[in-house]
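S.K.: Before anything else, here's the structure in question.
The values are calculated or read from the model by the stated rules, or taken from the named source; none is laboratory data. The structure presented is a predicted model; accordingly, all values stated were derived computationally and were not measured. Here the Cβ positions follow ideal geometry from the backbone for every residue, glycine too, while neighbour counts run over all protein chains shown.
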Amino acid sequence: MAPLIYTRRTSAYISALTQAIDKKLLKALDSPTQRRDLLQELFADIALEVDDRAREIILGGEDASEVQMKVPLCFYDVLADHFASEPDERGKPILDLIVQLWSQPFASHIFALLFHKWLFEVQLDSSDLLLRYSSALVQGATNVLWIDIQTNTTHFQSLFLYLLEDVALVPKKLKKIPLQAQRDLFLLLSRFIFLYNYAEKLESFFQNFPEFPNAFLVGGPADIFVIELTDQLQKLKVEPVLLHYLSHIKVLRGLELRMTTSTRLKTCLYSFTSPGGPMYPTRAVRHAAWDALDFLFPVGRYPRHIISLFFRLLYPWYWPSSCWNFVWSCIQEMLYSITRRVFPSHKLS
């Protein structure tokens, strides 16, 4: 998002937004029994996409470019830029209220959305306070990005993109937070980088990886990334998201991994190829897992399939569906072959 142009109308509108947030936080402080509901409502409000009327006010009406008008824009994008523009002044009352509600559900969500840019612009003298804020940012961002996984959307992509491109890949900004927070941030980004289609950033992402105390036992950046990725895969329950991850995981081919990491990845993928427990994958997921497994580990491909076939015999209740899918695949292949013979494709001149 381009920097805001603060016209009088824009300033008045954003001031009204901050006052509304302030009132809701004060109400949450004064109503212990309603705190969760009020914070959940506030989180939903700031996560909303800006409507056309508000977008016209925020982006300057007729002065806003057509490109800006087409970019998805949420209220948290606007407010995060607003609080980061003058970090020592704007947002301080709201931040103080959030700190008082620190232990409440959705408090870290709200902090991550509103202050993820502020944290890297403000100068904090207290190392304890900086660690507290950066830990809250990672925790809140994790919770927020999981909402995109559960809903199969990319609503919070701008939050992820800022943490990746403007923090993780910029050493000067990254070093503003403590080393432990840097490590936690990179682990977070490792789990979601495939979700938002930034696999092409992996090389520079690995180059900026902070040092881990257990690197001698675990391995380098690629090993740590793959370990986090396999843990993420095993937690995914939304089929389209899981298929999305499995389609992108093929970019890992050629990475130099330790034997233990490679085995971990192979075992994870293999767990999705069986129709039974513990993953209970759908047929589409099983096929995607087989494709990824055969692509990443071509050695031993045929023995794996033969062993899998024998294990399938242990699930007789899957035999009818397996036979039907096999027959249907054969019929489709025959029809496709006949169609190509009857209606041969013509090469374009």
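S.K.: From Phe160, Phe186, Phe106, which residue is under 18 Å from Asp22 (Cβ atoms) and either of a type in the set (Phe, Trp, Tyr) or crowded, with 19+ Cβ neighbours inside 10 Å (or both)?
M.R.: Numbers: Phe160 fails: under 18 Å from Asp22 (Cβ atoms); Phe186 fails: under 18 Å from Asp22 (Cβ atoms).
One residue alone meets the criteria, Phe106.
S.K.: If we scan region 78-88, do we find a residue that is touching an Asp or Glu at 6+ places or on another chain (Cβ under 6 Å), aliphatic (A, V, I, L, M) and either surrounded by fewer than 16 Cβ atoms within 10 Å (Cβ to Cβ) or modelled with pLDDT under 95 (or both)? Working first, answer last.
M.R.: Applying the first criterion (touching an Asp or Glu at 6+ places or on another chain (Cβ under 6 Å)) to region 78-88 yields 84, 87.
Narrowing the set further to residues that are aliphatic (A, V, I, L, M) leaves 84.
Checking the rest, the ones that are also either surrounded by fewer than 16 Cβ atoms within 10 Å (Cβ to Cβ) or modelled with pLDDT under 95 (or both) come to 84.
Yes: region 78-88 contains one or more residues that are touching an Asp or Glu at 6+ places or on another chain (Cβ under 6 Å), aliphatic (A, V, I, L, M) and either surrounded by fewer than 16 Cβ atoms within 10 Å (Cβ to Cβ) or modelled with pLDDT under 95 (or both).
S.K.: Considering Phe194, Phe186, which residue is within 25 Å of Leu246 (Cα to Cα), part of a loop (DSSP other than H, G, I, E, B) and not aliphatic (A, V, I, L, M)? Break it down stepwise before answering.
M.R.: Working: Phe186 fails: part of a loop (DSSP other than H, G, I, E, B).
Within the list Phe194, Phe186, the selection yields Phe194.
S.K.: Take region 42-59 and flag every residue that is assigned to a helix (DSSP H, G or I) and exposed (fewer than 14 other Cβ atoms within 10 Å of the Cβ).
M.R.: Pass one, region 42-59, residues assigned to a helix (DSSP H, G or I): 42-47, 52-58.
If the condition is that a residue be assigned to a helix (DSSP H, G or I) and exposed (fewer than 14 other Cβ atoms within 10 Å of the Cβ), then Ala44, Asp52, Arg53 are the ones that fit.
S.K.: Do we have Ser65 as among the hydroxyl-bearing types (Ser, Thr, Tyr), more than 23 Å from Trp118 (Cα to Cα) and either touching an Asp or Glu at 6+ places or on another chain (Cβ under 6 Å) or modelled with pLDDT under 90 (or both) here?
M.R.: Working: among the hydroxyl-bearing types (Ser, Thr, Tyr): yes; more than 23 Å from Trp118 (Cα to Cα): yes; either touching an Asp or Glu at 6+ places or on another chain (Cβ under 6 Å) or modelled with pLDDT under 90 (or both): yes.
Here the answer is yes, as Ser65 does meet what is asked.
S.K.: Right, another one. Considering only region 124-150, how many residues are touching a residue at least 24 places away in the same chain (Cβ under 8 Å) and among the hydroxyl-bearing types (Ser, Thr, Tyr)? Even if it seems obvious, please write down each step before you answer.
M.R.: Filtering region 124-150 for residues touching a residue at least 24 places away in the same chain (Cβ under 8 Å) gives 127, 130-131, 134-145, 148-150.
Next, only the ones that are among the hydroxyl-bearing types (Ser, Thr, Tyr) stay: 127, 134-135, 142.
So the answer is 4.
S.K.: List pairs: first residue in region 193-212 and in contact (Cβ under 8 Å) with a residue 40 or more places away in the chain, second residue outside any loop (DSSP other than H, G, I, E, B) and of a type in the set (Asp, Glu) anywhere in the structure, Cβ distance under 8 angstrom, at least six positions apart or on different chains.
M.R.: Leu195/Asp148
S.K.: In region 236-258, what count of residues is obtained for those that are touching a Phe, Trp or Tyr at 6+ places or on another chain (Cβ under 9 Å) and over 15 Å from Asn197 (Cα atoms)?
M.R.: Looking only at that region, the number is 3.
S.K.: A further question follows. Return the residue satisfying two criteria in turn: it lies in region 151-178 and is without any contact (Cβ under 8 Å) to a residue 24 or more places away in the chain and of a type in the set (Lys, Arg), and of such residues it is farthest from Lys235 (Cα to Cα).
M.R.: Lys172
S.K.: Within region 189-200, does at least one residue satisfy the condition of being closer than 24 Å to Lys266 by Cβ, under 22 Å from the mean Cα position of the chain (by Cα) and polar (S, T, N, Q)?
M.R.: So far as region 189-200 goes, yes, one or more of its residues are closer than 24 Å to Lys266 by Cβ, under 22 Å from the mean Cα position of the chain (by Cα) and polar (S, T, N, Q).
S.K.: Moving to a separate point now. From the set of residues in region 112-135 that are under 17 Å from the mean Cα position of the chain (by Cα) and hydrophobic (A, V, I, L, M, F, W, C), which is nearest to Leu48 (Cα to Cα)? Steps first, answer last, please.
M.R.: Pass one, region 112-135, residues under 17 Å from the mean Cα position of the chain (by Cα): 112-113, 116.
Among the residues that remain, those that are also hydrophobic (A, V, I, L, M, F, W, C) are: 112-113.
Working: Ala112: 15, Leu113: 12 Å.
Within region 112-135, the match that is nearest to Leu48 (Cα to Cα) is Leu113.
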